[in-house]
Amino acid sequence: MKRILTIGILFATTLIPVHAATAASPRSAPHALARFGSAQLDLGQSWGSAKACLVQDSGVTCFATEADLNAFIAAPADASGGIVSQVAAAAGTFSALSECGTYLRLYSSTGYGGSLLAIATELNWINLSAYGFDNTTSSYRIGDCAATFRDGSNGGGATYTGPTGAGVSASSMVSGWDNRVSSIYIS
């Protein structure tokens, strides 16, 4: 009987660290790490020469232009040797486009200009500071799922008063909200 109890305790203590390690995700990390070509970026520190970054459950990938990001999204997931295959192989996984079908796109300048943060991760508050995009949004395009914008971290603070329903876009933020969004939620 002692032998079974010892194995049970060893097994239980072994599971605890594994569970804790898998609970962390890019959206809860202080700074998100991203692939940019063959380099790795700490987005909370700098985007380097990247101008567009895509946040998916499988990780973050950055690009030199929005056109490059769009090409990545449009590439078939099973393209042999294509950009998706290369990134998936490097990351060890690939997450298909969210159930929403299209991404929330946040832009650093009005008129859908400047840097772009495209987000597919749903049903979690996402702190934009982890992606170097806190208090940066000046225009946006919402995909097939509604979004909520807040001016505090983890969904705290005031709620953005502009339209954020599915398919909505705004070439500028409503008065008082330019460069104010700190966290978002896609539902």
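Quick notes on this one:
- Residues (of a type outside the set (Gly, Ala, Ser), assigned to a loop (DSSP other than H, G, I, E, B) and either under 9 Å from Val181 (Cβ atoms) or modelled with pLDDT under 90 (or both)) located in region 123-135: Leu123, Asn124, Phe133, Asp134, Asn135
- Which numbered condition Pro26 fails, given (1) surrounded by 14 or more Cβ atoms within 10 Å (Cβ to Cβ); (2) at pLDDT 50 or above: (2)
- Scope region 136-186; condition modelled with pLDDT under 95 and aromatic (Phe, Trp, Tyr); matching residues: Tyr185
- Test: residue in region 117-125 that is among the small types (Gly, Ala, Ser) and farther than 23 Å from Phe72 by Cα: no
- Candidates Ser129, Ser153, Ser109: the one that is of a type in the set (Ser, Thr, Tyr) and within 16 Å of Ala170 (Cα to Cα) is Ser109.
- For region 145-164, the candidate set comprises residues that are within 18 Å of the chain's Cα centre (by Cα) and of a type in the set (Ser, Thr, Tyr); within that set, the residue that is surrounded by the fewest Cβ atoms within 10 Å (Cβ to Cβ) is Thr148.
- Hits in region 150-186 - residues which are in contact (Cβ under 8 Å) with a residue 60 or more places away in the chain and closer than 10 Å to Trp125 by Cα: Ile184, Tyr185, Ile186
- Test for Thr93: is it at pLDDT 90 or above, surrounded by fewer than 22 Cβ atoms within 10 Å (Cβ to Cβ) and of a type in the set (Ser, Thr, Tyr): no
- Just one of the listed residues (Gln40, Gln56, Gln45) is at pLDDT 50 or above and under 30 Å from Ala166 (Cβ atoms), namely Gln56.
One line per residue, one yes/no per condition, for (1) over 18 Å from Gln56 (Cβ atoms); (2) among the hydrophobic types (A, V, I, L, M, F, W, C); (3) part of a loop (DSSP other than H, G, I, E, B); (4) at pLDDT below 70:
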| residue | (1), (2), (3), (4) |
| --- | --- |
| Ala89 | no, yes, no, yes |
| Arg105 | no, no, no, no |
| Ser108 | yes, no, no, no |
| Ser115 | no, no, no, no |
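The values are calculated or read from the model by the stated rules, or taken from the named source; none is laboratory data. Remember, it's a predicted structure, so these values are computed and weren't measured experimentally. Using ideal geometry, Cβ is built from the backbone for each residue, glycine included, and neighbour counts are taken over all protein chains shown.
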